[in-house]
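Remarks on the structure that follows.
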Amino acid sequence: MLTKTQIEILKLFVSQIDKRFSIKEIAEKLKKPYPLIHRSIRDLLGNNYLIKDEKRLISLNYRKNHQELSYIEALRSRQALDKDKILSLFTQDVRSRLNLDFFVLLIFGSYVEKSNPRDIDVLLIIENEERILEIEKTIQNIASQFTKNFEIQVISSKSAHEMVSKREKINILNESLNKHLLLFGAENYYRMVSNARE
């Protein structure tokens, strides 16, 4: 069972999947006492949620605990959806109208960092490449019913896998690692990242 502090630590790490932090940096970012963070991180390291490198910097172990990481992502997303009713309604509409067995829905870019962004960048990852245009039209129709400007991108899981595997390249998937809100399919997202970066 995760403590409140451990959940806060994991929220920081899932929001910045590619980043590495020292315990001191984590304590400062979370505005919590160093001893509390140190104890909490020791348990998270022991349970393979986090890993430590040779420089003693800590990063997310995105290869393990996909269910628990999905739960942490759900907490982050719930927080954002509770604040933004338009995004919440948009997400509900997309989830109810898409007839797909596999998909990942995420928001990335400036919306995640700024309090008043110009638009909302939406990325949908689907399995079937042949349905990309059809799904894109469906989501654009949904988005057109709202006052906010949505920038929609739909890609196949194969394309997503290729993008994530090219760590040094700037692309929407690599950008999403450190600026995202996973609204649906978090477990699939973590599996994909883990498989692409083996």
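Readers should treat all values here as calculations from the given coordinates under stated rules, not as data from a laboratory. Please read these numbers as outputs of a predicted model, since none were measured by experiment. Cβ: placed from backbone, ideal geometry, glycine included. Neighbour counts: every protein chain shown.
Structural descriptor for the chain: relative contact order 24 percent, calculated from alpha carbon pairs under 8 angstrom and at least 6 residues apart. Once the gyration tensor of the Cα atoms in segment 75-196 is diagonalised, the equivalent ellipsoid follows with semi-axes of 21, 18, 13 Å, ordered largest first. Taking a straight Cα-Cα cut-off under 30 Å and skipping sequence neighbours fewer than 8 places away in the same chain, the lysines within cross-link reach of K55 are K4, K11, K19, K24, K29, K31, K32, K64, K166, K169, K179. For the peptides 115-127, 6-18, residues were scored by their other Cβ atoms within 10 Å and the scores averaged per peptide; the highest-first order is 6-18, 115-127.
Considering only alpha-carbon pairs that sit under 8 angstrom and 6 or more positions apart, the relative contact order computed for segment 1-95 is 28 percent. The ellipsoid equivalent to the alpha-carbon distribution of segment 4-60 has semi-axes of 15, 12, 12 angstrom, derived from the gyration tensor eigenvalues as √(5λ) and listed largest first.
The angle separating the long axis of helix 34-46 from the principal Cα axis of greatest extent in the chain is about 70 degrees. In the chain, the calculated helix contribution to ellipticity at 222 nm averages -16000 deg cm²/dmol per residue, counting -39,500 (n - 2.57) for every DSSP H run with n ≥ 4.
In loop segments of segment 82-143 as defined by DSSP, the chymotrypsin sites (Phe, Trp or Tyr not before Pro) with at most 13 further C-beta atoms inside 10 Å of their C-beta are F102.
Taking other Cβ atoms within 10 Å as a rough exposure proxy, T91, T5, T147 sort from fewest to most as T147, T5, T91. Every pair of different Cα atoms in segment 26-117 enters the Kirkwood calculation, which places the hydrodynamic radius at 16.1 Å. Amide H contacts of F150 (H built 1.01 Å from N, in plane; Pro and chain starts excluded): I120 sit under 5 Å, all sequence-distant by 5 or more or on other chains.
Sequentially through segment 123-134, phi angles give Karplus couplings (6.51, -1.76, 1.60; θ = phi - 60°) of 10, 10, 10, 10, 6, 8, 4, 5, 9, 4, 4, 4 Hz, Gly and Pro residues having no value and appearing as x.
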